[in-house]
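Participant: Structure in structure tokens, see below.
The values are calculated or read from the model by the stated rules, or taken from the named source; none is laboratory data. None of the values given here were measured: they were computed from a predicted structure. Because the Cβ atoms are built from the backbone with ideal geometry, glycine has one as well, and the counts that use them run over all protein chains shown. Heads up: the accessible areas ignore ligands, DNA and RNA and are worked out on the full protein's heavy atoms, side chains in. Shrake-Rupley method; radii C 1.70, N 1.55, O 1.52, S 1.80 Å.
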Amino acid sequence: NAIIGRYKLSVQSTASGSSSPASLGTFVLLFNPWSSGDDVFMSNKAECEEYVLEEFGIIFAGNKNHINSFGWNFGQFQEDILNICLSMLDRSLNYRQDPATDVSHRNDPKYLGRVLSAMVNANDDHGVLLGNWSGNYEGGKSPSSWTGSGEILQNWKKSGFKPVKYGQCWVFAAVLTTALRCLGIPTRTITNFSSAHDADGNLRVDEFYDASGNHLDRAADSIWNFHVWNESWFSRSDLGPSYSGWQVLDATPQEESEGIYQCGPASRHAIKEGDVDLDYDCPFVFAEVNADCMYWNYDSATRKKTLIFSKSTEIGQFISTKAVGRDDRVDVTNDYKYEEGSKKERDVFKKARKKLGLEDKFDPTAPTQEEIDQKPDISGKFKVDGPFEVGKDLNLILVLANLQSDAKTVNVNMTAWSTVYTRRPVYEIWKDSISVALSPKEEKQFPIKISYTEYQQQLTTDKMIQVTALCHVEGGIQVLVQRDITLDNPAIDIQVLGEAKVNKEVDVEVIFTNPIDMEVTDCVLQVQGNDLLRGILKIDVPPLKASEKSRTKFKLTPFETGPKHLLVNFSCDKFPDIKTFKMVNV
């Protein structure tokens, strides 16, 4: 339970009568998850290997209908990273306000986790990364272009500790993983799909649409396609043994906690049991995986809002992390909540509402029971017709079904917007409206095609599009049909030509075929991999004509044995950030 950090070591000789001790140098003391007396003790050795010693990770993204993943170089043992992580502690607000008290708490992983969750974002304290969710990343690097934490931390130090531009949730989480693993605290990244950002703490997320079906950016609440945070492993002497184990930390600046942008540690067990009154920030994390969703129609002229429908099973799906010792996805949703729709899950939700004082308080913004209970006359859904790939036309089918035994007339207003992964609309891509007559119990299908030329200029680096159909049923209530689409990049292939041996050159080839019928330009290949090459290799690739294949060769000289990961990021004007990785056995 000693304080971690840099110590001076000296030796004092008693025999010679000399009074001044001779300095032997300095050493850095870290947390020790292999030691049973330590707050971060983890009894499973394979988990220690993964969550402390592993420098490569896989982060999950996309949306609940289509989960994708990419590799990340945490690089916590690379040159200068430990020094930079210690500087993060010394640049925190707590240290600046009261150094002695701050340092005296540095034996407590709860304290350090919370301090670092604040320091990884630039808000409040000139921390490491500046967040940007606008879709415009001029003046910095787009968040999806990073492939490792090392470059970010080194840029922060090189610039005299000016915030690095730009981060989004997975970048904040990856950098926090690097810092905590570096200090010996077992840590992993967690991705939550359909993640709620409940800004007003009522465990409810409100979304607004206009009559044309446009998703209005007018609520502080939002439902993100995915959100990435961290879990760190340590005991909670402040709460009791049942709350020890995985603790949620979140460095993405979403809401203030005690006046600054920091979040956690929130005990994962407390989240599952609805114990939202426990430290720290449990109500916010509970809402991220459990909030109820309300979808409203908003008329800007009259300022009147009408509930379209509400859903309690939408939020917090496919909660994912990388498997121990393998490159697979593990689903941890059941560690965050009881089965969706079960009595136990609803009881926990009620318990949380009660603890937050929401049960007894009249909420004028909440829908009436009558509004919640109303039943629509028709149902609708978007069916997917084939894969969604950047460079290809998007084909969807709108399926409308009449649930009643009398005929219905439906006016449908459809829109498609490009969005960032937080589902914030950026550019309108397409709109259309149709009038549909449905005979009793009839189902009709309407094919929708959005061409590449329509969306090509408007796509964000997240490659996400939200398609919405707002159906106005004559004499009935409105029905909202929506689908979030994540487009896949074309494939890129890495081949190691020969056997990788320590201190021996080996050739690597990266192969990319331009899948579209126009030229792509500004092609750049970036390569990194711990123990395979030093720093980041950047190679300019000549422009590629329609359907042309490029083969880019470079040499590696590995300097450590074992399984190593090579990470590649290929970018050009039409396809930003095509990522892949390959395991190389040296």
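Participant: If I filter the range 5-34 down to residues being touching a Pro at 6+ places or on another chain (Cβ under 7 Å) and outside any loop (DSSP other than H, G, I, E, B), which single residue comes out as farthest from PRO186 (Cα to Cα)?
Facilitator: The qualifying residue farthest from PRO186 (Cα to Cα) is VAL11.
Participant: Sort out which residues of the range 119-131 are open to solvent by 20 Å² or more (accessible area, probe 1.4 Å) and either free of Cβ contacts under 8 Å to residues at least 60 places away in the same chain or in a helix (DSSP H, G or I) (or both), and write them in order of number. Steps first, please.
Facilitator: The initial filter retains those residues of the range 119-131 that are open to solvent by 20 Å² or more (accessible area, probe 1.4 Å), namely 123-124, 126, 130-131.
Residues satisfying the conditions are HIS126, LEU130.
Participant: Next up: Hey, can you tell me all the residues within the range 484-497 that are in a loop (DSSP other than H, G, I, E, B) and surrounded by fewer than 16 Cβ atoms within 10 Å (Cβ to Cβ)?
Facilitator: The one that is in a loop (DSSP other than H, G, I, E, B) and surrounded by fewer than 16 Cβ atoms within 10 Å (Cβ to Cβ): ALA491.
Participant: Further question on the same structure: Would you mention how many residues in the range 453-466 are open to solvent by 20 Å² or more (accessible area, probe 1.4 Å) and either aliphatic (A, V, I, L, M) or touching a residue at least 60 places away in the same chain (Cβ under 8 Å) (or both)?
Facilitator: Matching residues across the range 453-466 total 4.
Participant: Could you grab me the full set of residues in the range 55-87 that are on the phi > 0 side of the Ramachandran plot and open to solvent by less than 10 Å² (accessible area, probe 1.4 Å)?
Facilitator: GLY62, GLY75
Participant: Which count do you get for residues in the range 177-204 that are surrounded by fewer than 24 Cβ atoms within 10 Å (Cβ to Cβ) and either among the acidic types (Asp, Glu) or closer than 10 Å to ALA291 by Cα (or both)?
Facilitator: Counting residues in the range 177-204 that are surrounded by fewer than 24 Cβ atoms within 10 Å (Cβ to Cβ) and either among the acidic types (Asp, Glu) or closer than 10 Å to ALA291 by Cα (or both) gives 6.
Participant: If a residue must be of a type in the set (A, V, I, L, M) and open to solvent by less than 20 Å² (accessible area, probe 1.4 Å), how many such residues does the range 536-580 contain?
Facilitator: So the count comes out to 7.
Participant: If a residue has to be in contact (Cβ under 8 Å) with a residue 60 or more places away in the chain, assigned to a helix (DSSP H, G or I) and buried (at least 17 other Cβ atoms within 10 Å of the Cβ) to count, how many in the range 88-118 make the cut?
Facilitator: 12
Participant: Residue by residue through the range 285-297, note down the ones that are over 11 Å from ALA352 (Cα atoms) and at pLDDT 95 or above.
Facilitator: Correct list: VAL285, GLU288, VAL289.
Participant: Inside the range 156-175, can you point out the residues that are within 9 Å of VAL128 (Cβ to Cβ) and not in a loop (DSSP other than H, G, I, E, B)?
Facilitator: Passing the criteria: TRP156, VAL164, GLY167, PHE172, VAL175.
Participant: Of the numbered conditions (1) among the polar types (S, T, N, Q); (2) surrounded by fewer than 24 Cβ atoms within 10 Å (Cβ to Cβ); (3) touching a Leu at 6+ places or on another chain (Cβ under 8 Å), ASN214 fails exactly one; give the number of that condition.
Facilitator: (3)
Participant: Of all residues in the range 513-559, count the ones that are part of a loop (DSSP other than H, G, I, E, B) and either among the small types (Gly, Ala, Ser) or at positive phi (or both).
Facilitator: Of the residues in that region, 6 qualify.
Participant: Okay, moving on. Any chance the range 498-505 includes a residue that's open to solvent by 20 Å² or more (accessible area, probe 1.4 Å), within 32 Å of the chain's Cα centre (by Cα) and of a type in the set (Asp, Glu)?
Facilitator: Checking the range 498-505: not a single residue is open to solvent by 20 Å² or more (accessible area, probe 1.4 Å), within 32 Å of the chain's Cα centre (by Cα) and of a type in the set (Asp, Glu).
Participant: Another question, then. Filter the range 262-289 down to residues that are within 30 Å of ASN214 (Cβ to Cβ) and either part of a loop (DSSP other than H, G, I, E, B) or open to solvent by 10 Å² or more (accessible area, probe 1.4 Å) (or both), then give me how many there are.
Facilitator: 1
Participant: Related question: Do you know which of the residues in the range 240-261 that are in contact (Cβ under 8 Å) with a residue 60 or more places away in the chain and open to solvent by less than 40 Å² (accessible area, probe 1.4 Å) is farthest from LYS337 (Cα to Cα)?
Facilitator: We begin by selecting, within the range 240-261, every residue in contact (Cβ under 8 Å) with a residue 60 or more places away in the chain; these are 246-247, 249-253, 260-261.
Right, trim to open to solvent by less than 40 Å² (accessible area, probe 1.4 Å) and you get 246-247, 249-253, 260.
Numbers: TRP246: 14, GLN247: 15, LEU249: 17, ASP250: 18, ALA251: 22, THR252: 22, PRO253: 24, ILE260: 28 Å.
This residue is ILE260.
Participant: So is THR422 free of Cβ contacts under 8 Å to residues at least 40 places away in the same chain, in the same structural domain as GLN404 (by the TED database), hydroxyl-bearing (Ser, Thr, Tyr) and open to solvent by 10 Å² or more (accessible area, probe 1.4 Å) or not?
Facilitator: Judged against the criteria, THR422 is not a match.
Participant: Of the residues LYS361, LYS311, LYS322, LYS375, which is surrounded by 15 or more Cβ atoms within 10 Å (Cβ to Cβ) and either under 19 Å from ILE59 (Cα atoms) or at pLDDT below 95 (or both)?
Facilitator: Among LYS361, LYS311, LYS322, LYS375, only LYS322 is surrounded by 15 or more Cβ atoms within 10 Å (Cβ to Cβ) and either under 19 Å from ILE59 (Cα atoms) or at pLDDT below 95 (or both).
Participant: Answer yes if at least one residue in the range 290-301 is in a loop (DSSP other than H, G, I, E, B) and surrounded by fewer than 23 Cβ atoms within 10 Å (Cβ to Cβ), and no otherwise. Break it down into steps so the answer makes sense when it comes.
Facilitator: Taking the range 290-301 as the starting set, the residues that turn out to be in a loop (DSSP other than H, G, I, E, B) are 291, 300-301.
Filter once more, so that each one left must be surrounded by fewer than 23 Cβ atoms within 10 Å (Cβ to Cβ): 300-301.
Yes, that holds for at least one residue.
Participant: Could you say whether any residue in the range 179-194 is part of a strand (DSSP E or B), charged (D, E, K, R) and in the same structural domain as ILE152 (by the TED database)?
Facilitator: The answer is yes, given that some residue of the range 179-194 is part of a strand (DSSP E or B), charged (D, E, K, R) and in the same structural domain as ILE152 (by the TED database).
Participant: I've got another one for you. Count, please, the residues in the range 467-483 that happen to be under 17 Å from GLY386 (Cα atoms) and either among the aliphatic types (A, V, I, L, M) or open to solvent by less than 30 Å² (accessible area, probe 1.4 Å) (or both).
Facilitator: Of the residues in the range 467-483, 1 are under 17 Å from GLY386 (Cα atoms) and either among the aliphatic types (A, V, I, L, M) or open to solvent by less than 30 Å² (accessible area, probe 1.4 Å) (or both).
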